[in-house]
Amino acid sequence: MTGKADFTEEEWKLVLEGPPSAGLLVITSDRGGSIRESFSMAKAYTEARKQHGESELLDEIVGAKPEMDHTRYHSPEELREGSLKHITDAVALLKEKATPEELDEYKKFIVALANRVAEARKEGFMGLSGDRVSDDEETAIGEISGALG
């Protein structure tokens, strides 16, 4: 079992930044609804806490305050690149230090969080096309999945 104690402070911060980076990437991919989407990110953490015990690593991640990169990006493209880099770097670190099962749980949590954020703005209604997720949000989720490997 891998836990916070297995990481340096800097490494742990990197691991914690992965999920919020994914959520932020989805939030900024499409206009409108950022407040509802931000609340949905917090709700994803709350729901993951309820599944306590399946993974010590994931328990410690969702039990911690989500870490956000406070870099001031100058464009949406810089934000996208920075967010994807956080995710890629966190996955690379976990490949070295965590079990394959823990890495898989981390990836699943990030994808679930990204999907929840994408669906938040349209909760309760379907668009004309019947989609709950916009094309831009779908693209962001695809990029996140690519960064996860």
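So here's what we get for this one:
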item: Phi-based couplings in Hz for segment 111-117 (Karplus 6.51, -1.76, 1.60; Gly and Pro marked x); result: 5, 4, 4, 4, 5, 4, 4
item: Selected from A90, A42, M1, residue furthest toward positive end of dipole (the chain; charges at beta carbon); result: A42
item: Cα gyration tensor, segment 1-56 - rounded (a/c under 1.5), prolate or oblate; result: oblate
item: Full-extension gain in nm, R36 to E77, via 0.36 nm per residue minus C-alpha separation; result: 12.5 nm
item: Value of [θ]222 nm, deg cm²/dmol, for the chain, DSSP H segments ≥ 4, -39500 (n - 2.57) each, nearest 500; result: -23000 deg cm²/dmol
item: Solvent exposure of the chain as accessible area per residue, Å², 1.4 Å probe; result: 56
item: Share of Cα-Cα pairs in the chain lying beyond 26 Å, as whole percent; result: 21
item: Most mobile of Y45, Y73, Y106 in a GNM of the chain (Cα contacts under 10 Å); result: Y73
item: The chain, dipole about Cα centre (Lys/Arg Cβ +1, Asp/Glu Cβ -1), debye to the nearest 20; result: 520
item: Relative contact order %, the chain, counting alpha carbon pairs below 8 Å whose residues are six or more apart; result: 39
item: Fraction of accessible area attributable to carbon and sulfur, the chain (%, probe 1.4 Å); result: 52
item: Average projection area in nm² (convex hull over Cα atoms of segment 34-102, one quarter of hull surface); result: 5.6
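The values are calculated or read from the model by the stated rules, or taken from the named source; none is laboratory data. Source: prediction; values computed, not measured. Because the Cβ atoms are built from the backbone with ideal geometry, glycine has one as well, and the counts that use them run over all protein chains shown. For accessibility, only protein heavy atoms count, side chains too; no ligands or nucleic acids. Shrake-Rupley method; radii C 1.70, N 1.55, O 1.52, S 1.80 Å.
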